[in-house]
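Let me begin by presenting the structure, written as structure tokens, before commenting on it.
The values are calculated or read from the model by the stated rules, or taken from the named source; none is laboratory data. Computed from a predicted structure; not experimentally measured. Using ideal geometry, Cβ is built from the backbone for each residue, glycine included, and neighbour counts are taken over all protein chains shown.
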Amino acid sequence: MRKFKIFLTFSFFLFALSWVLIPVYYTLPYKKPPGPLLDDRLKKTYQDHLVETQPELVLLGDSTLLDSIDEPYLAELLDKDSYRIGKPGSASAIWYLLLKNNIITSPHKPSHLIIFFRGSMLTSPEYRTRGKYEPLVTELALSDDFLLQELAYTSQMGWLEEQADQFLPLFAYRQHLRTSIERLVKYKFFQKMMDVERIKIDQALDVVFGEPDIAQVNAIINAAEDYLYQPEKLDFYSQLPKSFLPEIVRLCHENNIQLTVVRTKSLTYASSEEAPKGLDAYISNLQEYLAENKIVFIDYAEDERLPVSLFNDSVHMSKNGAEIFTEIFAADYQDILANDENTHE
């Protein structure tokens, strides 16, 4: 019993000490608002590229966009300058921030914005915003991005989590701690003990973990993708007002940008019969909403021109797949561009 009391006392002491040391060590506030700490150090690399190249088309998506659309080839086929922003790990929160803080504030605005998605990504505002994804969000956000804080963070928290995120540094700054521990284990130990350069350590890790088994890759991807197909996520009209989609639509309308939404093919489910109940209704409701708001919708989810052989895993295409899909998409979008030009004549 005495040892247990000593253990509890020591644990409480360390816990209390963390309240002081963590904010001091990382130069962070003791009390913070729920969600990530935002400032006005905005990453404007994307806007700089817009100004420099002045594309007519901007394509937004995650890593699957990088593997499915050949940007130079698309520009050649459409005879239009395009800018492909395929940001790995991104989802609707980052797409919204890119539009709000980089695209519409640019001296040059594209005439067309094309967003590539799958599942319920467009109406799941919290998807890919926490943990390792949080730095991707904060680098594109401003201190007054209250809608981001509300939709992606505070609305997803229970009372206890919200309090812990404000007043408990050990919880609030857990990502900082994790990063520090990873750097300590990966770099500092080997650099000091074995005099190994950081680049050599990264190369060694790439050799060991760089080519995982395809079955393992698919299992990891499918586990993450399952979140997008949960029953509550497929309730379109319940999710819509809690998402960034209405704001994305509004910003495009106000800035005379034609928005197009492209549903990409995924092998997460082998056939439409295996797809989750509610997915068809979700897509139907999404299509109806987009039509009401004069948004173009293109659906490749069941396209037989995109067989399994064109994919490296359940969501990423091969190089050959990218060439074929780019040709298919260019042909479809050429018709949209033609209709758009006829409308403005």
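Side notes on the structure shown:
- The sole residue among 110, 125, 55 that is crowded, with 23+ Cβ neighbours inside 10 Å, closer than 24 Å to residue 294 by Cα and either basic (Lys, Arg) or in contact with a Pro (Cβ under 9 Å, 6 or more places away or on another chain) (or both) is 110.
- Some residue of the range 164-173 being at pLDDT 75 or above and among the aliphatic types (A, V, I, L, M): no
- Residue 76 assigned by TED's automatic domain parsing to the domain that holds residue 287 and free of Cβ contacts under 8 Å to residues at least 12 places away in the same chain: yes
- Residue within the range 200-208 that is in a helix (DSSP H, G or I), of a type outside the set (Val, Ile, Thr) and at pLDDT 70 or above present: no
Residues are listed down the side, and each one gets a yes or a no for (1) under 11 Å from the mean Cα position of the chain (by Cα); (2) touching a residue at least 24 places away in the same chain (Cβ under 8 Å):
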{"site": "31", "(1), (2)": "no, yes"}
{"site": "48", "(1), (2)": "no, no"}
{"site": "55", "(1), (2)": "no, yes"}
{"site": "84", "(1), (2)": "no, yes"}
{"site": "94", "(1), (2)": "yes, yes"}
{"site": "104", "(1), (2)": "no, yes"}
{"site": "108", "(1), (2)": "no, yes"}
{"site": "121", "(1), (2)": "yes, yes"}
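- When residues in the range 58-101 are screened for being crowded, with 22+ Cβ neighbours inside 10 Å, small (Gly, Ala, Ser) and more than 19 Å from residue 325 (Cα to Cα), 4 of them pass.
- Count of the range 240-272 residues which are within 27 Å of residue 317 (Cα to Cα) and either among the acidic types (Asp, Glu) or assigned to a strand (DSSP E or B) (or both): 6
- Test: residue in the range 132-143 that is among the polar types (S, T, N, Q), touching a helix residue (DSSP H, G or I) at 6+ places or on another chain (Cβ under 7 Å) and either at pLDDT 95 or above or outside any loop (DSSP other than H, G, I, E, B) (or both): no
- Residue check, residue 275 assigned to a loop (DSSP other than H, G, I, E, B) and touching a strand residue (DSSP E or B) at 6+ places or on another chain (Cβ under 9 Å): no
- Of the residues 268, 260, the single one that is among the polar types (S, T, N, Q), touching an Asp or Glu at 6+ places or on another chain (Cβ under 6 Å) and assigned by TED's automatic domain parsing to the domain that holds residue 127 is 268.
- Among the residues here, residue 265 does not qualify as under 22 Å from residue 73 (Cβ atoms), surrounded by fewer than 15 Cβ atoms within 10 Å (Cβ to Cβ) and within 23 Å of the chain's Cα centre (by Cα).
- Those helices (runs of 4 or more DSSP H) of the range 52-119 in which 1 or more residues are of a type in the set (Ser, Thr, Tyr) and farther than 25 Å from residue 254 by Cβ occupy 63-68, 71-78.
- The set of residues in the range 308-337 being of a type in the set (Gly, Ala, Ser), farther than 22 Å from residue 225 by Cα and loosely packed, with under 15 Cβ neighbours inside 10 Å consists of 331 alone.
- Residues in the range 255-278 that are under 24 Å from residue 90 (Cα atoms), modelled with pLDDT of 95 or more and not basic (Lys, Arg): 255, 257, 258, 259, 260, 261, 262, 264.
- Counting the residues of the range 318-345 that are hydrophobic (A, V, I, L, M, F, W, C) and modelled with pLDDT under 95 gives 3.
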